[in-house]
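Since the structure comes first, as structure tokens, the remarks are kept for the end.
The values are calculated or read from the model by the stated rules, or taken from the named source; none is laboratory data. Remember, predicted model here, so these are calculated numbers, not experimental data. Virtual Cβ from ideal backbone geometry, glycine too; neighbours counted across all protein chains shown. For accessibility, only protein heavy atoms count, side chains too; no ligands or nucleic acids. Shrake-Rupley method; radii C 1.70, N 1.55, O 1.52, S 1.80 Å.
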Amino acid sequence: MARRAIASAPGKVILFGEHFVVYGKSSIVMAISRRVYVTVEKYKTEEIIIESDLGYTGLFTGNTYKPLIGGLDGEPILKPVYIAANKTLEFLSINSGLKISISSEIPIASGLGSSASTFVATIIATSYLFDCSLSYKELFNLSLRAEEHVHGTPSGVDQAIAINGGLIEYNRFSGFEKLKSPVDIPLIIGNTGILRSTGGQVAKVRRFAEKNPSIMKTLFLQIEEIISKAKNSLVEGDLEDLGILMDRNQELLRIIGVSHEKLEELILVAKRAGALGAKLTGAGGGGCMIALVTDKVKNSVAKAIENAGGKSLPVNISTNGVEVKLYNDDS
Ligand code: PMV
């Protein structure tokens, strides 16, 4: 096979602070042991062909999309990947076509950061293919350009965690800080299977904030308190406190209108089965919830989620952020 670069990046769960992070508040986010893999090779000049294991393949010539597999439905999914790759070529002043292949273990449009991980892996693989290395800031900014195509005002939290891995506190103004916990943070993800758009959810919160400025101000104070307490609980390894704080965070998310009846059902059954805390993760409106569990209750929580019609997924922290390797021959 020809010279190619293969990169992978982890998905994530937001433990605390989604949506409020868009408004400059801090968030706490953890990389998970599910990754997206992106292979990049050279292709005919000027053309970027993208194939995804979602069943879409398409050819971008400039901004023009030609579907090869899966019809025009593939365009909105593949376009931001094209933007990520094209902006990287422009940034590196390279004129080349590319063949990009994506395979992912992260469900899409469900709050687990699949888009950002794909962009970050695409960008770093493209730069490696041409023997260029990007700084953290360059990789972050290029990936944010692609994310802006998905929704207008991304906070950058998904990019920061896909690049770094592990557990971080992220703030769009002050950047990220690595956090360490002496204990595992055992989570069961419950996927409602309901796809939703992050952009739509972010716009919904924007309308809420414009209509209810004083409520929003109170919620900002509350999330600040939750984040500060959660940092202490993580450092002390106090999972019970962490669970209580997750429940409190979910109350705020309900108020700003991003929960969903299916999410509420999965949260309820997880709590009844013994979860220490449970909340939606990511943009909400469908997608995934997370339940903080102990060894004793993890199986019963997973079962309760499945019985309620959700798909359960136990996850561990991934300490590995984005990774990339160049292959020059038949290796
Ligand atoms: O796209 P999701 O579901 O992983 O959510 C991203 C988190 C938000 O806070 C809702 C948006 C953002 O840009 O931070």
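Output the residues belonging to segment 89-115 that are part of a helix (DSSP H, G or I) and either at pLDDT 95 or above or touching a Cys at 6+ places or on another chain (Cβ under 6 Å) (or both). Matches in segment 89-115: Leu89, Glu90, Phe91. Scan segment 248-275 for residues that are in contact (Cβ under 8 Å) with a residue 60 or more places away in the chain and outside any helix (DSSP H, G or I) and jot them down. Selection gives Ile256, Val258, His260, Ala275. Kindly establish whether Leu245 is in a helix (DSSP H, G or I), under 22 Å from Ile106 (Cβ atoms), modelled with pLDDT of 95 or more and open to solvent by less than 20 Å² (accessible area, probe 1.4 Å). No; evaluated as a whole, the condition is false for this residue.
Quick check, is Val183 part of a loop (DSSP other than H, G, I, E, B) and either modelled with pLDDT of 95 or more or not small (Gly, Ala, Ser) (or both)? In short, yes. Does Ile161 count as open to solvent by 40 Å² or more (accessible area, probe 1.4 Å), under 28 Å from Ile189 (Cβ atoms) and either within 16 Å of the ligand (Cβ to nearest atom) or out of contact with any helix residue (DSSP H, G or I) (no Cβ under 6 Å at 6 or more places or on another chain) (or both)? Criteria not met by Ile161. The set of residues from segment 95-114 being closer than 23 Å to Tyr43 by Cα and open to solvent by less than 40 Å² (accessible area, probe 1.4 Å) comprises Ser96, Gly97, Leu98, Ile100, Ser101, Ile102.
This table checks each residue for (1) open to solvent by 30 Å² or more (accessible area, probe 1.4 Å); (2) farther than 23 Å from Thr281 by Cα; (3) away from the ligand (no atom under 16 Å from the Cβ).
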| site | (1), (2), (3) |
| --- | --- |
| Ile6 | yes, yes, yes |
| Ile32 | no, no, no |
| Tyr37 | yes, no, yes |
| Tyr43 | yes, yes, yes |
| Glu46 | yes, yes, yes |
| Glu51 | yes, yes, yes |
| Thr61 | yes, yes, yes |
| Gly70 | yes, yes, yes |
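For segment 116-143, a tally of residues being open to solvent by 20 Å² or more (accessible area, probe 1.4 Å) and either within 16 Å of the ligand (Cβ to nearest atom) or not in a loop (DSSP other than H, G, I, E, B) (or both) returns 6.
So is Glu169 in contact with a strand residue (DSSP E or B) (Cβ under 7 Å, 6 or more places away or on another chain), open to solvent by 30 Å² or more (accessible area, probe 1.4 Å), within 18 Å of Ser27 (Cβ to Cβ) and away from the ligand (no atom under 13 Å from the Cβ) or not? Criteria not met by Glu169.
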